[in-house]
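Any read-out appearing in this document is the output of simple, stated calculations on the displayed coordinates, not a laboratory observation. Since this is a predicted model, take the numbers as computed values, not measurements. In this analysis, Cβ positions are derived from the backbone assuming ideal geometry, glycine residues included, and neighbour counts consider all displayed protein chains.
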Amino acid sequence: MAGFTQAEAGDTPGATAAYGALLNDLLQALGGPMLPTETLLSRMATRPNVLDVFNTHHCHAYWRGRSGDAAGAASSFTYLLNEQLRVLGPDHPHTLTARAEPARWTERVRNDR
C-alpha cells in the first residue's frame, strides 16, 4: 500500500494524498461519488468491504492531521465516527477505537492556536 510506505518513509503529505486517493477509489468502486444527502450507511450497509473503507478513512484522517491539518483530521474523524455508529453500532471495536479521535485532534487545534 503506497500510503503506508510513504508514511513509513516520513512523507506525511504523500501518505495523506495516497490514502485520500485510495478512499476515493474505494468509494467509486461502491457506485460513484456520494451525493450530498447520501451517507456511507446508505451506500455500504450490506457491502462486505465496509471495514476496508472505514480503515482507509481512518488512515487518511490520521495522516491528514500528522501533515498539519488538525482541524481537517478532527472533522474527518467526527464524520467517520458518526458513520461507524450508524453502520457498525456503538459496541463494535472499530467504533470504540474511533471515539477518542475527534477529541484528540480538536485538542491539537486548540493547542496550535
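Quick notes on this one:
- Total residues in the stretch 76-101 satisfying the condition of being hydroxyl-bearing (Ser, Thr, Tyr) and farther than 14 Å from Leu51 by Cβ: the figure is 3.
- The residues in the stretch 46-98 that are in contact with a Ser or Thr (Cβ under 9 Å, 6 or more places away or on another chain), among the hydroxyl-bearing types (Ser, Thr, Tyr) and assigned to a loop (DSSP other than H, G, I, E, B) can be counted, and the count is 1.
- Glu107 being surrounded by fewer than 21 Cβ atoms within 10 Å (Cβ to Cβ) and in contact (Cβ under 8 Å) with a residue 40 or more places away in the chain: no
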